[in-house]
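Undergrad: Following this message is one structure expressed as structure tokens.
The values are calculated or read from the model by the stated rules, or taken from the named source; none is laboratory data. Small disclaimer: the values here were computed from a predicted structure and weren't measured. Glycine gets a Cβ as well: all are built from the backbone with ideal geometry, and neighbour counts include every protein chain shown. Side chains are part of the model used for accessible areas, which takes the heavy atoms of the whole protein and leaves out ligands, DNA and RNA. Shrake-Rupley method; radii C 1.70, N 1.55, O 1.52, S 1.80 Å.
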Amino acid sequence: MSRQNIGPDSVILRGFVASQATALLDLIETVTRQSPLRQMTTPGGFKMKAQLSNCGQRGWVTDAKGYRYQATDPLTEQPWPPMPDLISALARDAAGETGFADFSPDVCLINCYQPGAGMGLHQDKDERDFNQPIVSISLGVPAIFLFGGLRRKDKPDAYLLEHGDVVVWGGEDRLRFHGIRPLKLAHHPDTGQKRFNLTLRQAD
Ligand code: MD3
Ligand code: FE
């Protein structure tokens, strides 16, 4: 495991979940059998390129009415699958490593990127308490993460996120613009052409 500071309050923990990666992919499989990955539509009417699902007490959704967290999956009209203990424990440990004690995520967003899929620069502002950090886990094909500033026009820095990497963002970096470059065609033995990202948040 190696550590790279990418902002005053943000750290990449490279390989932090490398030894749990296959267990995490099995859990993603279990969750997405119950709440399938799907492309959602933004309030502006665009279809997101990444497919997504959630587990935990609530899930992040977007549709014509806006962005929000909600307790039921709009596709199944059932509660989201529970958050597996391994995922919440790893997120808590990663946050603890970075100086954020007592992080207890209630939401795990699962993003799935196919070749060519990316995520444009945006801020995460749908959570109640911006003092809580965000933890993300990357699995499968590598992607370039773009880390901008507090204004959309600030030029982003680019970091490669690979299978088993974890990033913790908090404090003064919490509202920085960020995105994912369109995924390059590549192959990973555990995921094929796909990249999965688990984003853990305390939304409530
Ligand atoms: C940086 N996901 O779901 S990691 C998202 O890899 C999202 O799927 C990307 O951005 C992905 O919203 C990036 C997660 C992430 C989340 C929140 C952040 C990075 C962040 C907040 C501030 C800075
Ligand atoms: Fe985001």
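Undergrad: Based solely on its DSSP helices, what 222 nm [θ] is calculated for the chain when runs of n ≥ 4 H residues each add -39,500 (n - 2.57) and the sum is averaged over all residues, nearest 500 deg cm²/dmol?
TA: Numbers: 2 runs with 27 residues, N = 204.
That comes out to -4000 deg cm²/dmol.
Undergrad: Once label points are set 7 Å from the Cα along Cα→Cβ at both Ser2 and Thr22, what is their separation, rounded to one decimal in nm?
TA: 2.5 nm
Undergrad: Any idea what Rg and Dmax come out to for the chain if you just take the C-alpha atoms, in Å?
TA: That works out to 15.6, 42 Å for Rg and Dmax.
Undergrad: Check the straight Cα-Cα distances from Lys194 and name the lysines below 21 Å, setting aside those fewer than 8 residues away within the same chain.
TA: Counting by Cα, and skipping residues close in sequence, Lys194 has these lysines nearby: Lys47, Lys49, Lys184.
Undergrad: For region 3-101, give the percent of accessible area contributed by carbon and sulfur heavy atoms, probe 1.4 Å, rounded to a whole number.
TA: 50 percent
Undergrad: Follow-up question, since we're still on this one. Semi-axes of region 42-155's equivalent ellipsoid from the Cα gyration tensor, sqrt of 5 times each eigenvalue, largest first, rounded to whole Å?
TA: Details: eigenvalues 95, 83, 48 Å².
Largest first, region 42-155 gives 22, 20, 16 Å.
Undergrad: Nearest 0.05, what FRET efficiency do Gln193 and Gln34 give at R0 = 25 Å with Cβ-Cβ as r?
TA: 0.60
Undergrad: What is the gain in length, in nm to one decimal, between Leu86 and Arg181 on full extension, counting 0.36 nm per residue of separation less the C-alpha to C-alpha distance?
TA: 31.4 nm
Undergrad: Nothing charged except the Cβ atoms of Lys and Arg (+1) and of Asp and Glu (-1): what's the magnitude of the dipole of the chain about its Cα centre? Round to the nearest 20 debye.
TA: 900 debye
Undergrad: In Å², and per residue, what accessible area does region 94-162 have when probed at 1.4 Å with the other protein chains present? Show your work: numbers first, answer last.
TA: Values: 3040 Å² over 69 residues.
The answer is 44 Å² per residue.
Undergrad: While we're looking at this one, here's another question. In a Debye calculation with equal point scatterers on the alpha-carbon sites of region 106-200 and no solvent, what is log10 I(q)/I(0) at q = 0.11, 0.15, 0.20 Å⁻¹?
TA: Values returned for q = 0.11, 0.15, 0.20 Å⁻¹ are -0.31, -0.58, -0.99.
Undergrad: Quick one: pull the percent of accessible area on region 126-204 belonging to carbon and sulfur, 1.4 Å probe, ligands and nucleic acids left out. Spell out each step's value before the answer.
TA: Working: 1830 of 3600 Å².
C and S atoms contribute 51 percent here.
Undergrad: Please compute the length gained on full extension between Phe130 and Asp93, using 0.36 nm multiplied by the number of residues separating them and subtracting their Cα-Cα distance.
TA: Numbers: separation 37, 0.36 × 37 = 13.32 nm, distance 1.93 nm.
Contour length minus the Cα-Cα distance gives 11.4 nm.
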